[in-house]
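Read the structure below first, then the notes.
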Amino acid sequence: MSIDYSEKIPNNVDLAGDRKLQRALESWQPNFLNWWKTMGPAVPTEDVYLRTAVAVGREGWAHFGHVAMDEYRWGVFLAERNHDRRIAFGEQKGEPVWQQVPGEYRADLQRLIVIQGDTEPASVEQQRRLGETAPSLYDLRNLFQVNVEEGRHLWAMVYLLHAYFGRNGRDEAEALLQRNSGDLDSPRILGAFNEETPDWLSFFMFTYFTDRDGKYQLGTLKESAFDPLSRTCEFMLKEEAHHMFVGTTGIDRVVARSAELMREHDTEEIAPHGGIPLDVVQKYINFHYSVSLDLFGSEKSTNAANYFTAGLKGRWQEERRKDDHVLTEDAAHIDVVRDNEVTTEEVSALIALNHDLRREYIADCQTGLKRWNRVLEKAGVDRTLYLPHVGFNREVGLFREHRITPKGDVVGQDAWEAKKDQWLPTEADKTHVRSLMRPVYEPGKIAGWIAPPSNGINDKPIDYEYVHLA
Amino acid sequence: MTSTADPDRDTVPTVSFDAEPGSYRHWRLDLDGAAETGVAYLRLDIDEDGGLVPGYQLKMNSYDLGVDIELYDATQRLRFTHPEVRAVVLTSAKDRNFCAGANIRMLAGSPHPWKVNFCRFTNETRNGIEDATEHSGQTWIAAVNGTAAGGGYEMALACERIMLIDDNSSAVALPEVPLLGVLPGTGGLTRVTDKRRVRKDRADVFATRSEGLRGKQAVEWRLVDEVVPKRQWDEKVAERAAEAAATSSRPAGATGIELPPLQRTETADGISYRHVRAEFDRAAGLVEITVLGPEGDVPDTVERVHELGADFWPLAMTRELDDLVLRLRANELELGTWVIRTKGDVEDALAFERVIAEHSRDDWLVNEIRHYFKRVLKRFDVTPRSLIALIEPGSCFAGALLELALACDRQYMLDGFLEEDSQEGEPAQIVLTDSNFGVFPMGNGLSRLASRFYGDDSHVAKLRQETGRRIEAVEAMEMGLVTEALDDIDWDDEIRIMLEERASLSPDALTGMEANHRFVGPETMETRIFARLTAWQNWIFVRPNASGPEGALRRYGTGRRAEFDRRRV
């Protein structure tokens, strides 16, 4: 088969002039399309109003139009190259960044890219059936937008594997399509990406909390001394912002609708009235937040230290930090449990880099909470949502040995079991949320459990036909 | 001074392996009457002030690397230049002193890599002496006319027969353990048990008794073959030599060939010879070695081979490769990866090889060349560098030259052509010949193919059916003859990444890993020397009990006792 590269695969990596890349993509692309057909969105559509990146410039990266989804033009884009860029941290700080993979770091870089790449298609798989219960065409379109962009992010990682990692890279790119979310034989690498996204509240929570982890991981890879990885991640971050927007505004609208129903019926028990009680929203926050915290890895990590020292993975906004960017002499405090109390321990700053990134993430998550509480306040509801304690419900890191309440108290297993249902979604909660999930495909109409959006996409009205179903 | 200088602070000189009998400082090669008797005398006569490195005197006929470089040269010239020699008497020109072994001040003052490289080279030379006895019809006899201690006795052990003068004072000894806290590492421990068949309890006693053994007891314990009273000495030695010469397979009336000095150009970035080139890439820590295949006419008669002598391509190339390996090992410690290519015409390489195959049984010179190439290949096998063969279009890895690739840790073969090359000519090919099935055995006694496919004789048998045929990359890959067959799109990147990745790994771990992988299967005396004895010795060398400021090696000769860390490890 032959591909008209510039038209079929928008790119700024000179695909038309790169035989190596062409050959790799020629054999990979059909497998990708096959994967998209079998593992991608289950709802049949004719076309969807989607944003396509066709260039990296201001106009190019957000090109809107109705497209048939399997004709979506997944492209390969890197942010513009800065020819003077130098390594900002680690042992080789100050040296020019690498345009090729140094053999010494091949295995580590490949691993980082594979792990990042594995999450991208995973979320598409997790969200595969969500379209069947979309609360509006607007939301359905957003779901698909997120899905095609996760697909593009997969392409971005595959591009790096194909262009820089030779045969091993091609094999790993193939394996990204062979592992599938929740597959018993061949699951996705990270646990959180093997859980189904069963309902739209989960979807919004996922895009708010879990995609935000992705944002922070990409942010650290953007600092990488391996320049093609850095530039790829910089461009991906632009798209990631939209995913978080879907999450933030999605939860906004759920909270707004719940507040409205509470006032209308003068009760917190709005389930019988077709709403999602704030208790349930809080439990979903607790769950998704804690699971996402796990994705940052253990508080103490020698891998993270090695990646930093080697220049492979920096800190969030590395270059804005006011320190020596080498960290061999610095210390940091991490949370630990001692004598049944959460306290801190001083460790080498290099060992505590996962903790550092998690702290940045937590601060960012707080902004959503403020926003939703403002929605509640405006609606006159005397109630606030909050982030649970960092040690709550953790399965990875120093807290996994302990049971910690959302407030941060260390408790025994019995106390945990007794209160668990007040903190995490119960079967009854999930069943109720699922019961609300009925599709609304009429333009401009919206399901009863969620408020309408305040604006349409790309200045289109809310009742615009964002999706033409097949 | 309580100990000798700190060895790891000293710098070492660049070593040249050039030597020729006219300028030997430490040996006297006596060929008087050899034409009639077939016996040569090689007499050790160390010039005390002739050490290779300043800082020690070579007292008591003790040796350093410079002495062994001359010994190696003598063994080579005896084989190539003196076909009339059928027995070699190794003896001392000093009174009552055969050889005291490696110089202790030299060892104590040498950095670790120098000691290791020195031991490897001396081991190879002693193996070469045994090889001459076994394959050249030149039987070596040690005429131990004075005390032979440590490396001195080890030198004698390399000979087929050991005669000890019975003067009630001359002894053979391995005093390394009791006096120096190290091992008799030049094959001593191994040859005592494996070659001389000394019982292990006696070997234990012998190796811990600094004064050694002499007289009848030395014979009874099999440490020597016979003791001879002083007044019968010369006569008896000549008699034994004559007996050995009589059994030799060497032809009568043969004329040897000269081994002229190698034509070599050295620069900061490489060494080049007529048929072998090495380019250093210091930044990448590697050296690119290219062996050029034969050019010119193939000799049509064996007489023509003799006429060409040292210019005959297989010999010329082997000598150059030998010299290069020795120089790189001694002088270029930081070039940790050797990338090996060949360049030339496959058909020509095969034609030369046919000459060797045809005459190696009936012509002494051709036989010597074959065994010489075998020994040089063995040097690769014990070289502590990562060896990578790159098989590209225009290469001639055929038959004997394919052994070079098979000696490597990995083989990469280009499938097709590199884009920038013209697509004319033929893609890379390798050819199996009989040479790959036992003509050039490794130290473990197996061919490199049999080692590569150890335990899978049927596969080796299958490969045997494929001799003489041109094998291209994909097929070579299927047959297990190369590690990877890469096409032009992948070639540059894969090779670059592989070499960079290799260069980033621990040099010590690589050396250990490679040595383990290269020698599979059965142990021989040779592998036991290079693996067990050497590995233990090198471990002991880095331990403070030997080389620390209070260790036995450093305290030797200072009048102070060594302080040992008494914990057994």
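The values are calculated or read from the model by the stated rules, or taken from the named source; none is laboratory data. Quick caveat, the model's predicted, so the values are computed rather than measured. Cβ sites come from the backbone with ideal geometry, for glycine too, and all protein chains shown count toward neighbours. Heavy atoms of the whole protein, side chains included, go into the accessibility calculation; ligands, DNA and RNA do not. Shrake-Rupley method; radii C 1.70, N 1.55, O 1.52, S 1.80 Å.
Based on C-alpha pairs under 8 angstrom that are at least 6 apart in sequence, chain A has a relative contact order of 20 percent. Placing pseudo-labels 7 Å out from each Cα toward the beta carbon at A:Arg320 and B:Asp281 gives an inter-label distance of 4.1 nm. Annotation: per residue accessible area for the protein assembly as shown equals 42 Å², rounded to a whole number [probe 1.4 Å, protein chains only]. What does the C-alpha gyration tensor say about the overall shape of segment A:1-119? Classify as rounded when a/c is under 1.5, otherwise prolate if a/b is larger than b/c, or oblate. Note, shape of segment A:1-119 comes out prolate.
Placing +1 on the Cβ of every Lys and Arg and -1 on the Cβ of every Asp and Glu, with nothing else charged, gives segment B:273-513 a dipole about its Cα centre of roughly 1320 debye.
Taking every DSSP helix (H) stretch of at least 4 residues in the protein assembly as shown, weighting each as -39,500 (n - 2.57) and dividing the sum by the residue count yields a mean residue ellipticity at 222 nm of -13000 deg cm²/dmol. Separation of segment B:514-569 and segment B:46-78, taken as the distance between their Cα centroids, equals 23 angstrom. Using a Förster distance of 45 angstrom, determine the FRET efficiency expected from the C-beta separation of B:Val298 and A:Ala175, and round it to 0.05. The computed FRET efficiency comes out at 0.30. Suppose we look only past 13 Å in the calculated P(r) of segment B:375-418. What percent of the Cα-Cα pairs does that tail hold? Cα-Cα pairs of segment B:375-418 separated by over 13 Å account for 56 percent. Counting heavy atoms of the protein chains alone, B:Ser23 has an accessible area of about 70 Å² for a 1.4 Å probe.
Surface calculation, 1.4 Å probe, protein heavy atoms: B:Thr433 sits at approximately 20 Å² accessible. Provide Rg over Rh for segment B:139-204; use the alpha carbon set for both Rg and the Kirkwood Rh (inverse mean inverse pair distance). Taking Rh as the inverse mean 1/r over Cα pairs, Rg/Rh reads 0.95.
With coordinates expressed along the principal axes, the C-alpha atoms belonging to segment B:489-562 extend over 67, 31, 13 Å, beginning with the largest.
For segment A:224-314, the share of alpha carbon pairs falling in successive 5 Å distance bins from zero is 3, 11, 12, 14, 14, 12, 10, 8, 7, 6, 4, 1 percent. Neighbours of A:Val326, meaning other residues whose beta-carbon lies under 11 angstrom from its beta-carbon, give a summed charge of -4 when Lys and Arg score +1 and Asp and Glu score -1. Listed cross-link partners B:Lys59/B:Lys115; B:Lys115/B:Lys216; A:Lys8/A:Lys37 are compared with a 24 Å cut-off, the Cα-Cα value being larger for B:Lys115/B:Lys216.
Against the criterion of solvent-accessible heavy-atom surface with a 1.4 angstrom probe, B:Met513, B:Met106 sort, most first, into B:Met513, B:Met106. Counting only Cα atoms, the size of segment A:364-470 along its three principal axes is 53, 31, 29 Å, in decreasing order. Accessible-area rank, largest first, for A:Arg58, B:Arg567: A:Arg58, B:Arg567, with all protein chains present and a 1.4 angstrom probe. In percent, rounded to a whole number, the relative contact order of chain B is 13, using alpha-carbon pairs under 8 Å and six or more apart.
Return the carbon/sulfur percentage of the accessible area of segment B:273-513, one whole number, probe 1.4 Å, all protein chains in place.
45 percent
Placing B:His517, A:His355, A:His389 in order of accessible area, with the largest value first and a 1.4 Å probe, yields B:His517, A:His389, A:His355.
Of all DSSP-defined beta bridges confined to segment B:273-513, some 30% are antiparallel rather than parallel. Placing +1 on each Lys and Arg Cβ and -1 on each Asp and Glu Cβ, with no other charges, gives the protein assembly as shown a dipole about its Cα centre of roughly 3200 debye. When chains A and B come together, the accessible area they lose, probed at 1.4 Å and totalled over both chains, is close to 1400 Å². Distance between the 7 Å Cα→Cβ label points at A:Asp279 and A:His265: 1.3 nm. At 1.4 Å probe size, what's the solvent-accessible area of B:Tyr412? Round to the nearest 10 Å². Approximately 20 Å² of B:Tyr412 is accessible to the 1.4 Å probe.
Counting Cα-Cα pairs of segment B:36-98 in 10 Å increments starting at 0 gives whole-percent bin shares of 21, 44, 27, 8, 0. Mean sequence separation of contacting Cα pairs (under 8 Å, at least six apart), scaled by the length of segment A:31-128, corresponds to a relative contact order of 26 percent. Taking 0.36 nm per residue of separation and subtracting the current Cα-Cα distance, fully stretching the chain between A:Glu329 and A:Glu341 would add 1.5 nm. Working from the alpha-carbon coordinates of the protein assembly as shown, get Rg over Rh, Rh being the Kirkwood radius. My calculation of the ratio gives 1.12.
Please give the residues from segment B:503-522 for which the solvent-accessible area of heavy atoms, probe 1.4 Å, is smaller by at least 10 Å² with all protein chains in place than with the chain isolated. Residues passing the criterion (a loss of at least 10 Å², heavy atoms only) are B:Ser504. Using only alpha-carbon positions in chain A, the gyration tensor eigenvalues give semi-axes of 35, 31, 19 Å once each is multiplied by 5 and square-rooted (largest first). Dividing the convex hull volume of the alpha carbon atoms of segment B:26-246 by its residue count gives 110 Å³ per residue. Computed from label points 7 Å out along Cα-Cβ, the spacing between A:Arg19 and B:Thr467 is 3.8 nm. With R₀ fixed at 56 Å, the C-beta to C-beta distance from B:Thr265 to A:Glu465 puts the FRET efficiency at about 0.10. Computed in the context of the full set of protein chains, the accessible area of segment B:1-127 at 1.4 Å probe radius has 47% of its extent on carbon or sulfur.
Between the C-alpha center of segment B:303-318 and that of segment B:332-375 there is a gap of 11 Å.
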